[in-house]
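**Student:** Mind having a look at this structure? Questions to follow.
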Amino acid sequence: MKKHVIIAMMLFTCIMFSQTKKNGTVYNEHPAINAVESMTQAFYAGDADKVASYLTDDFKSYQGTSLNKDDKGRDKEWFLGGVKWIKENWSYVSYTRTSGAYPDAIEYKGDSGIWVQTWDQLKAMDNATGVMLDMPQHRLYKMTSDNKIQTMIIYDNDLPWAERSRSFAPRTNGTIYVNHEYINTVRKMMGALANGDADKAFSYFTDNAVFTNLDMADGESHTVAEEKEGFLGMLKDWTIESIDVRGYPDYLEYELGNSKAVQSWWTARMTRKSDGKKVKLPLMMIHDFNDDGKITREAGYYTAQALAAK
C-alpha cells in the first residue's frame, strides 16, 4: 500500500510540473518602466508635449472596469486633452507608487511584446466640487520595442468619479424634522441621565447598541453594559446639576441608506464632589435609530478630559 502511495505522489508531481511552462521574463528594472513612470508624472504635471513623446500614434486607452462590450478605447488626441483638463480642474495632485509595491515589466515570448504593470496611489481635489480623490490605481501598458506606449488599461474605483458627477446637480436626501418622536426619545434619554437614572436612560437603546466618543481610539466602542458602568462610575465622583439643550435637536430621515438619526447639542453642568469644582461640558450627540424607534448607536462628539482638570 505504501508503495502505491509513493507511486501516486510521484505521478502527481510529474503531472503538476508538466502543466507549468515559462512564457517570458519579469523585470523590476527596465527602460519600459522608466518610460511609463516618466509619462505618468508628465501627465499629472500638465506637460502634454512630453506625454505625447511617449505614446504611439495609434495609442489607445481603456477603462478596465468598463462593461461596454463594444468599447473601442480612447485615442491619443483624447488622452492628451486629458492632460489639459487635469491641469485646469484638479488641485493638489500627486501620483506615487503604492507603499510596498513596485512596477513590473513582463517580456513575453513570441510576438506579445513587453507589458508594464503598475500599482499607484492617486491623490487630488476636484476644483469645482471639492471631491477628494485618494485611491489606488492599477495600470497595464503594452509597449513597443522602442519603449513607446501603445495601449493603456486602467483599473480604479468608479465611486469618486460618480460622486463628482452627482455633485454638479443639487438634490435632496430626505427630510429634516424639528419635532419628531425620535427627538422626544433623545430628550427623555438625556433627561434620565441628568437625573442619574441609568436604568431609564439605557432602556432606550437596543441590547447591541454601540457607543463612541472622542476619547476612544479609532475602531474602539463600548457596549451598553460598558457605557452604563462608566456612567455610574462617573456619578461616584460627580454630581450632574443639569444637562441643558443648546439650540434644538434635528431628526434627519435620509433617503440614501434609509438611515435615521437625531443630532443634538447640550451643555452638561457638573460639580466634583471632592472639592466642589464646577465644570461645563459641551456635548454634540448623534443617535441612530432603527425602524422600531430604538437607538442603535450613539456617537458622542465630546471629550471627558475636562473632568480630569485640577
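The values are calculated or read from the model by the stated rules, or taken from the named source; none is laboratory data. Keep in mind that this is a model prediction, so the values were computed, not measured. Note: ideal-geometry Cβ built from the backbone for every residue, glycine included; neighbour counts use all protein chains shown. In case anyone asks, the SASA skips ligands and DNA or RNA and just uses the protein heavy atoms, side chains included. Shrake-Rupley method; radii C 1.70, N 1.55, O 1.52, S 1.80 Å.
**Student:** On the given criteria, is Ile33 modelled with pLDDT of 95 or more and either assigned to a helix (DSSP H, G or I) or farther than 22 Å from Asp158 by Cβ (or both)?
**Tutor:** yes
**Student:** Okay, next question. So Leu67 clears everything in (1) closer than 22 Å to Leu159 by Cα; (2) in contact (Cβ under 8 Å) with a residue 12 or more places away in the chain except one condition, right? Which one?
**Tutor:** Unmet for Leu67, out of (1) closer than 22 Å to Leu159 by Cα; (2) in contact (Cβ under 8 Å) with a residue 12 or more places away in the chain: (2).
**Student:** Cβ-Cβ distance below 8 Å, separation of 6 or more or different chains: which pairs start in region 41-52 with a residue that is of a type in the set (Val, Ile, Thr) and end on one that is in a helix (DSSP H, G or I)?
**Tutor:** Final answer for the pair search is Val51/Met39; Val51/Ala42; Val51/Phe43; Val51/Phe79; Val51/Leu80; Val51/Val83.
**Student:** If a residue must be free of Cβ contacts under 8 Å to residues at least 40 places away in the same chain, open to solvent by 50 Å² or more (accessible area, probe 1.4 Å) and not acidic (Asp, Glu), how many such residues does region 147-165 contain?
**Tutor:** The total comes to 4.
**Student:** May I pose another question? Does Lys280 qualify as being assigned to a strand (DSSP E or B) and surrounded by fewer than 16 Cβ atoms within 10 Å (Cβ to Cβ)?
**Tutor:** yes
**Student:** Name every residue in region 166-196 that is of a type in the set (Ser, Thr, Tyr), open to solvent by 60 Å² or more (accessible area, probe 1.4 Å) and part of a loop (DSSP other than H, G, I, E, B), in order of residue number.
**Tutor:** Result: Thr172, single match.
**Student:** A further question on this structure: Only residues in region 210-227 that are closer than 22 Å to Pro282 by Cβ count as the first member; pair them with residues that are part of a loop (DSSP other than H, G, I, E, B) and modelled with pLDDT under 95, Cβ under 8 angstrom, at least 6 apart or cross-chain, and list the lot.
**Tutor:** If the second residue must be part of a loop (DSSP other than H, G, I, E, B) and modelled with pLDDT under 95, the pairs left are Asn213/Tyr302; Asn213/Thr303; Leu214/Tyr302; Leu214/Thr303; Asp215/Thr303; His222/Met216.
**Student:** A further question follows. Among the residues of region 137-146, which ones are open to solvent by 20 Å² or more (accessible area, probe 1.4 Å) and at pLDDT 95 or above?
**Tutor:** His138, Leu140, Lys142
**Student:** Determine if region 78-90 includes at least one residue that is open to solvent by 40 Å² or more (accessible area, probe 1.4 Å), closer than 24 Å to Asn127 by Cα and part of a strand (DSSP E or B).
**Tutor:** No, there is no match, as no residue in region 78-90 is open to solvent by 40 Å² or more (accessible area, probe 1.4 Å), closer than 24 Å to Asn127 by Cα and part of a strand (DSSP E or B).
**Student:** Select from region 112-136 the residues that are among the β-branched types (Val, Ile, Thr) and not in a strand (DSSP E or B) and write down the one among them that is surrounded by the most Cβ atoms within 10 Å (Cβ to Cβ).
**Tutor:** Out of the qualifying residues, it is Val131.
**Student:** Please specify each residue of region 251-269 satisfying the condition of being in contact (Cβ under 8 Å) with a residue 12 or more places away in the chain and either closer than 19 Å to Lys200 by Cβ or open to solvent by 30 Å² or more (accessible area, probe 1.4 Å) (or both).
**Tutor:** If the condition is that a residue be in contact (Cβ under 8 Å) with a residue 12 or more places away in the chain and either closer than 19 Å to Lys200 by Cβ or open to solvent by 30 Å² or more (accessible area, probe 1.4 Å) (or both), then Glu253, Tyr254, Glu255, Leu256, Ser259, Val262, Gln263, Ser264, Trp265, Trp266, Ala268, Arg269 are the ones that fit.
**Student:** Now for a different question. Condition test on Arg171, is it in contact (Cβ under 8 Å) with a residue 40 or more places away in the chain, among the charged types (D, E, K, R) and either in contact with a Phe, Trp or Tyr (Cβ under 9 Å, 6 or more places away or on another chain) or closer than 24 Å to Ser259 by Cα (or both)?
**Tutor:** Against the criterion (in contact (Cβ under 8 Å) with a residue 40 or more places away in the chain, among the charged types (D, E, K, R) and either in contact with a Phe, Trp or Tyr (Cβ under 9 Å, 6 or more places away or on another chain) or closer than 24 Å to Ser259 by Cα (or both)), Arg171 does not qualify.
**Student:** Being open to solvent by 40 Å² or more (accessible area, probe 1.4 Å) and free of Cβ contacts under 8 Å to residues at least 24 places away in the same chain is true for just one of Lys109, Lys72. Which residue is that?
**Tutor:** Residue meeting the stated conditions: Lys72.
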